[in-house]
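Here it is, the structure, as structure tokens.
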Amino acid sequence: MSRRAEQSRTTREHLVEVATGLFAARGYEGTSIEAVLEEAGVSRGALYHHFKGKDALFDAVLASVELRIAEETLAAVADVTDPAHPDPVAGLRAGSLAWIRLAGDPVVRRIVLIDAPAVLGWERWREIEEENALGGVKAVMQTAADAGLVPAELADLFAHMLLASVNELALVVARSDDRAAAQDTAEKAVDALLARLLRG
């Protein structure tokens, strides 16, 4: 990679990092391009070289946060499953609980759950969710269907239902005054939900 290309990549990553902090703290509407420029210490031309505007910058921030969510969720699933003998129940539980914990992160909560649907529009937000969270849930749910734990014709719908339920649990935990107690209750709720959803 040439020095100029390396500098360009570094500048872009810096802008995304700075914007992530600002969007999480102030929200999309409360964050101006001027605030990003001031915090990042870069010129307007440098920002617009990488992003067409604030919406494009937000899109990049969301993609970065979603990537972190996907990586941490997959790591949680990998910790409890053997690739040679996949356990879809353990995988769905670990992934669900990881997402609930991540949703308690102010950055994840504000950017992914609150601002993203409104800023990007429902279709774009769902597209990103399909590529990340929903895609992973669908894959594990299909493994459950292959193992006879859910009806094959309902696997896709069950994936949507589980993710929607876990999203609600995540919001409850994130908004709770007693996060530890809410987390414990959410874990019990996930176990109860999976026990009813998956026939074993």
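The values are calculated or read from the model by the stated rules, or taken from the named source; none is laboratory data. As the structure is a prediction and not an experimental result, all values here were calculated from the model. All Cβ positions, glycine included, derive from the backbone under ideal geometry; neighbour counts span all protein chains shown.
Do we find a residue being more than 15 Å from the chain's Cα centre (by Cα), exposed (fewer than 13 other Cβ atoms within 10 Å of the Cβ) and not in a helix (DSSP H, G or I) anywhere in segment 129-149?
yes
Then there is this: Looking for whichever is under 24 Å from Ala147 (Cβ atoms), surrounded by fewer than 16 Cβ atoms within 10 Å (Cβ to Cβ) and touching a helix residue (DSSP H, G or I) at 6+ places or on another chain (Cβ under 7 Å) here; the options are Val89, Val80. Which one fits?
Answer to the check: Val80.
Determine if segment 193-200 includes at least one residue that is within 25 Å of Val18 (Cα to Cα), assigned to a helix (DSSP H, G or I) and either in contact with a Leu (Cβ under 8 Å, 6 or more places away or on another chain) or modelled with pLDDT of 90 or more (or both).
No.
What helices (runs of 4 or more DSSP H) completely inside segment 41-110 contain at least 2 residues that are closer than 25 Å to His160 by Cβ?
Per the criteria, 54-80, 88-103.
Pick from segment 13-27 the residues that are surrounded by fewer than 17 Cβ atoms within 10 Å (Cβ to Cβ) and of a type outside the set (Gly, Ala, Ser): which of them is farthest from Leu37 (Cα to Cα)?
Arg26
Mind listing whichever residues of segment 172-200 are surrounded by fewer than 16 Cβ atoms within 10 Å (Cβ to Cβ), touching a residue at least 60 places away in the same chain (Cβ under 8 Å) and acidic (Asp, Glu)?
Asp191 - this is the single residue of segment 172-200 that is surrounded by fewer than 16 Cβ atoms within 10 Å (Cβ to Cβ), touching a residue at least 60 places away in the same chain (Cβ under 8 Å) and acidic (Asp, Glu).
For segment 107-138, give me the residue count where each residue is within 25 Å of Leu197 (Cα to Cα) and hydrophobic (A, V, I, L, M, F, W, C).
Qualifying residue count, segment 107-138: 4.
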